[in-house]
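Here the structure comes first, spelled out in C-alpha cells, and everything after it is commentary.
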Amino acid sequence: MNKKQYEKMRNELFMTAQNLINEGKVDEANAKMEEIKELDEKWDAIAQAQANLRAMNNAPDPVNVFGNTGETADFAGRRKEPENIYDSVEYRTAFMNYVISGKEIPEKFNQSAVTKTSDVGAVISPTVINRIIEKMETIGVILPLVTKTAFAAGATIPTSSVKPVATWVAEGGTSDKQKKTLGNIDIKGFKLRCAIAMTLETVTMSLQFFETLFVNSVSEAMVKAQEVAFINGTGNGQPKGVLKETVATGQNVDIAKTKDVEYKTLTEMEAALPLAYENGAVWNMTKTTFMKFIGMTDSNGQPIARINYGVDGKPERTLLGRKVVCNDYMPSLGAAIESDTVVAFLFDWSDYMFNTNYAMRIKNYEDDDTEDQITKAVMICDGKTIDSNSLVTLTKKAAQREENVNG
C-alpha cells in the first residue's frame, strides 16, 4: 500500500462514516471509524518500516564522545545542528491531539526557554508555520506587496521622508550636501488572535489532514485581519493603516456626493502622484468599484480599464495602464456613506512595513454551547507606513454642498 492508496481508502471510509451518521446509523458509523483507526495504524507501521529501511541504507552518524548535548559530528568532522524538537513527528502529533481534544503537551516539550502566559498553550511547529506563511503569501492580495521585517518589539527604526537627488558636477567640482528629513518608527508588539473551531468529528483525522486543515484555517483568518489593518488599522492595539496617515497637500481628489467618477477624476489622481513614486504605486479599490470603470474610454475612445488573464488563469486588472489591487476592506463607489469616505487610492505598498517573526502560539478551549474545541492562534506583529508620499486618495463627499469639489 502506497501513500495515494492509503489516502484514497481513508477518504472513502471517512465519507461512508459521515453518510452513516447523517442517516442516524451510529453503531455502523462507529464501526467505520474503528476501520479508519486500524488503517491509520497500519499506515503508520508501513511508514515507520520504510523510514527504518532508508536509515539502514545510510552511513551511521559517529557517536558523540565529547559530550556536547544535542550535537553530533559527521565523518568530515563537521558539527551537525541538533534537531528542532518542535519539528519532530512526535511533537506535531502531540500538537494535533492538543488542538483536537485538549490533551496536554508532554512535559518533555515544555522547555524553560518557552514563555508561558495565559495566551500561550503550545508552540506551533516550524514545519506548520512555514506552510502557514506560504499559504498566506498565496491567498493574500496586499500581504505579498508590503515590506516585511523582523525587528524586536520596542525597537526604533530611522526613516527618511524624501528621496536624495544626484547632481552632475564639473571635474574637481563638488555639490551641495543635501539635508535629508529623517524620522523614526517605533515598533510595537500587538497581539493578533484568530479563533478556529475544530469539531469533534475531526478526531479520526490523520496528521497530514489535520495540518492541512489547520494551515488553511489559520492562514485565511490571519491574512484578512492583517490586510484590513494595513488599510484601516487605527494604530491603537493594532497596526496603523495607510488611510490613517495624513495625505500630502494636493494628493487628494474629492468627488461630490451627487456625482460619479469620470475619466478626468482618474487623470487628476495620476497627476497628483509624484513622479518619484511613479513606478511602484498601484490602484487600490474594491472589485465593485473597479467594475464601474469597465466600458469607460479616454478621449481617443480607448478603454481605460482592462482585465487580462495570466498563464495561471488569475485575472490581472489595470486602470490607465497601472495595476489594480482589489480588496474587500473598504467602501465601494455607490455604497451609502454617512461621512467623507476614501473609495479608492494609489499607493506603493513597498513603503509599508509589516514587522513580525511569524512565531505563533496557540491556546485551546472548549465551546460549552457547541462542544467544539476552539483553537486561538496568536501572532505578535506591527505595521506602519514608512513613506506616505506615494499615497493619493479619492474621497467621496457625504455633504450635499459641492463647492471646491472635483467631478
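Remarks
- Filtering segment 336-352 to residues that are touching a residue at least 24 places away in the same chain (Cβ under 8 Å), open to solvent by 40 Å² or more (accessible area, probe 1.4 Å) and under 24 Å from LYS257 (Cβ atoms) leaves ILE337, GLU338, SER339, ASP340.
- Boolean, ALA195 is of a type in the set (Gly, Ala, Ser) and under 25 Å from LEU333 (Cβ atoms): no
- Among the residues of segment 129-156, those that are among the hydrophobic types (A, V, I, L, M, F, W, C), modelled with pLDDT under 85 and open to solvent by 60 Å² or more (accessible area, probe 1.4 Å) comprise ALA150, PHE151, ALA152, ALA153.
- As a summary of the residue check, SER161 satisfies the conditions (1) at pLDDT below 70; (2) under 25 Å from THR395 (Cβ atoms); (3) open to solvent by 70 Å² or more (accessible area, probe 1.4 Å) except for the one numbered (3).
- Subset of segment 304-334 that is open to solvent by 50 Å² or more (accessible area, probe 1.4 Å) and hydrophobic (A, V, I, L, M, F, W, C) - its residue that is modelled with the highest pLDDT: LEU320
- Taking the criterion of being touching a Leu at 6+ places or on another chain (Cβ under 7 Å) and among the aliphatic types (A, V, I, L, M), the residues of segment 249-281 that qualify are VAL253, ILE255, VAL261, LEU266, MET269, LEU273, ALA281.
- The criterion of at least 3 residues that are at pLDDT 75 or above and closer than 27 Å to ILE362 by Cα is met, among helices (runs of 4 or more DSSP H) falling completely within segment 1-115, by 89-101.
- None of ALA256, ALA272, ALA276 is exposed (fewer than 14 other Cβ atoms within 10 Å of the Cβ) and of a type outside the set (S, T, N, Q) except ALA276.
- Tallying residues that are modelled with pLDDT of 75 or more and open to solvent by 10 Å² or more (accessible area, probe 1.4 Å) within segment 359-375 yields 3.
- Of the residues making up segment 244-264, just one is in contact with a Ser or Thr (Cβ under 7 Å, 6 or more places away or on another chain) and in a helix (DSSP H, G or I), namely LYS244.
- Filter result for VAL242 (at pLDDT 95 or above and either open to solvent by less than 80 Å² (accessible area, probe 1.4 Å) or out of contact with any Phe, Trp or Tyr (no Cβ under 6 Å at 6 or more places or on another chain) (or both)): yes
- Of the residues GLU278, GLU268, the single one that is of a type in the set (D, E, K, R), under 13 Å from LEU346 (Cα atoms) and in contact (Cβ under 8 Å) with a residue 40 or more places away in the chain is GLU268.
The values are calculated or read from the model by the stated rules, or taken from the named source; none is laboratory data. In this text the structure is predicted, and so the values were computed from the model without any measurement. Backbone-built Cβ (ideal geometry, glycine too); neighbour counts: all protein chains shown. Heavy atoms of the whole protein, side chains included, go into the accessibility calculation; ligands, DNA and RNA do not. Shrake-Rupley method; radii C 1.70, N 1.55, O 1.52, S 1.80 Å.
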